[in-house]
Amino acid sequence: MTSKSKLRAISLCGIFAAVTAVLAQIEVPLPIVPISGQTLAVGLTATIIGSRYGAIAMTCYALLGGVGLPVFAGYKGGVQVLVGPTGGYIFGFIVTAFVTGFILEKTKHNITMAMVANTVGMIITLVFGAVQLKIVLDMTWNQALAAGVYPFIVVGLIKAYLASWLGINVRKRLIQANLIDPRPTNKVAA
């Protein structure tokens, strides 16, 4: 990898971490876990830049918030968010981005496969979130699912579709602009 392509890869990861921080501030408050644009951003990231860089971007996002920058939903930041009730979702974003991107890299970059990949990603995020809710708030599984999964399924499917449609179209434009490599090796164009 040339220094130019390394810089481009780092830039893409930073841009998508920033996109996640911005979309996180679009939120609908609910009692324990708000509906936010974070999961849409995770799906977009994975669909556009793939497994490796998607996971790196989400790791950067989690680290930025973990050191106190107000990048999480509701302009929150700090380790207390990561270890709090909603931190599981944020950790899930890293795995979600990797798995979503991986599915697309191993199949085909089209809207149908992106919808499958983003739906799997949504499930991963919700599982991580429910597990941490259960542990941190000492909930039963039924309570954790009722607070952290069920309210988000329909909205999650809508966001999965949006991430798929937008992600595939933006990815095509970035390939045309020679900013990302179209091959499924998850490389940035040289």
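The values are calculated or read from the model by the stated rules, or taken from the named source; none is laboratory data. The structure presented is a predicted model; accordingly, all values stated were derived computationally and were not measured. Heads up, the Cβs are rebuilt from the backbone with ideal geometry, glycines too, and the neighbour counts pull from every protein chain shown.
Some points to look at:
- Residues that are surrounded by fewer than 21 Cβ atoms within 10 Å (Cβ to Cβ) and part of a helix (DSSP H, G or I) do occur in the stretch 82-90.
- Only one of A117, A160, A144 that is touching a Leu at 6+ places or on another chain (Cβ under 7 Å) and more than 16 Å from Y53 (Cβ to Cβ): A144
- Here the stretch 116-154 is the region considered, the condition is being touching a residue at least 12 places away in the same chain (Cβ under 8 Å) and not in a helix (DSSP H, G or I), and the residue that is farthest from A41 (Cα to Cα) is L137.
- Residue among A97, A17 that alone is touching a Cys at 6+ places or on another chain (Cβ under 8 Å), of a type in the set (G, A, S), in a helix (DSSP H, G or I) and under 23 Å from V155 (Cβ atoms): A17
- Qualifying residue in the stretch 166-177 (condition: within 17 Å of G54 (Cβ to Cβ), touching a Ser or Thr at 6+ places or on another chain (Cβ under 8 Å), modelled with pLDDT of 95 or more and of a type in the set (D, E, K, R)): yes
- Residues of the stretch 51-61 include none that is more than 15 Å from the chain's Cα centre (by Cα) and basic (K, R).
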